[in-house]
Each structure stands twice: as C-alpha cells, then as structure tokens.
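See below for the structure under consideration.
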C-alpha cells in the first residue's frame, strides 16, 4: 500500500502546527507554581517515610538537648525547627532536576558548581517540627538545595524555622 505524499504532508503539517493543536509540552509537563517566595529555601515538597520521621525526631531531640543558653533563646523566639531527615541527589527526581535547571530556585551552591555534574548535587529533605511539642508541623517535608547556617532562621515552604541540620549545633 502506497501512502500519498499529500497525506504525509498534511499529517506533518498538522502535527507540527502550533495554531491547530494546544502546546503539547504544556499538556505533558504542566507548570507547577510555587506557593513560596524567592527568599524561600524550598525547592519542592514531598511526604516523608516513617523511618525518616523517626530519625528526624531523634535529631530534633539531640539538637534541643545540646543547645546552650543563647541558642535556647533563639528556639524560644522561633519554635519551629527544620531538621534534615534525608539527602537525595538531584538526578534521582527528574521534575526536581528540571526545576533546579531553570535557575529560579534558591540554590547558590548548585549554580556555582560545574553545570555538567548537576545531577549528582545533594538536595536535603527537611522535616519541620514544633520544638515545644516535638511533633511534625505538617505531614509533608521540604526539599532544599541551599540551607542557612545551622542555628540560623530561614524560610522553608513559607514557614519561618531554625535550621537544625542533622541535629548538631
């Protein structure tokens, strides 16, 4: 069976035309709007595994136990603490890698490294706790490419919290 050239031409024209069909990329890859601002450390959010919650609670207790008088004052003023529960490489999650490649998220360390090796960049998975109750503030965690110094206050997905890292001051 021979396909007429005019049929192939019309098929090619219709598939490549932007006027006839909606943009395929918007259908396949819808834009995810970020509810947080440009000064936020969050790159994304994800639900934690139970093991990550358990580890983060231990790290929170360690962080609060080792605080000196000045650090306890900071915790009293800002009761929310962001604790690192895990770390993944950016290449493990394609949408995350795509979001980081746009240059919009706060990721100074990533953008200053070699652009050919961005898939091996470590992204921290943080859980935010209320230090007074020891419970999770929200049932989701925050992915952060950059973080403030340990013990400093920062914005994580719209929540102002002290960055506790892995639980050491």
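The values are calculated or read from the model by the stated rules, or taken from the named source; none is laboratory data. Since the model is a prediction, treat every value here as computed from it, not as a measurement. Counting neighbours? That spans all protein chains shown, and the Cβs are built from the backbone with ideal geometry, glycine included.
Mind listing whichever residues of the range 72-87 are without any contact (Cβ under 8 Å) to a residue 24 or more places away in the chain and touching a strand residue (DSSP E or B) at 6+ places or on another chain (Cβ under 9 Å)?
Scanning the range 72-87 gives a single hit, 77.
Tell me which residues, restricted to the range 135-169, are over 25 Å from residue 68 (Cβ atoms) and part of a loop (DSSP other than H, G, I, E, B).
Correct list: 138, 139, 140, 145, 146, 157, 158.
Where in the range 1-95 are there helices (runs of 4 or more DSSP H), lying wholly inside it, with at least 1 residues that are more than 23 Å from the chain's Cα centre (by Cα), modelled with pLDDT of 70 or more and surrounded by 11 or more Cβ atoms within 10 Å (Cβ to Cβ)?
Answer list for the range 1-95: 50-65, 69-77.
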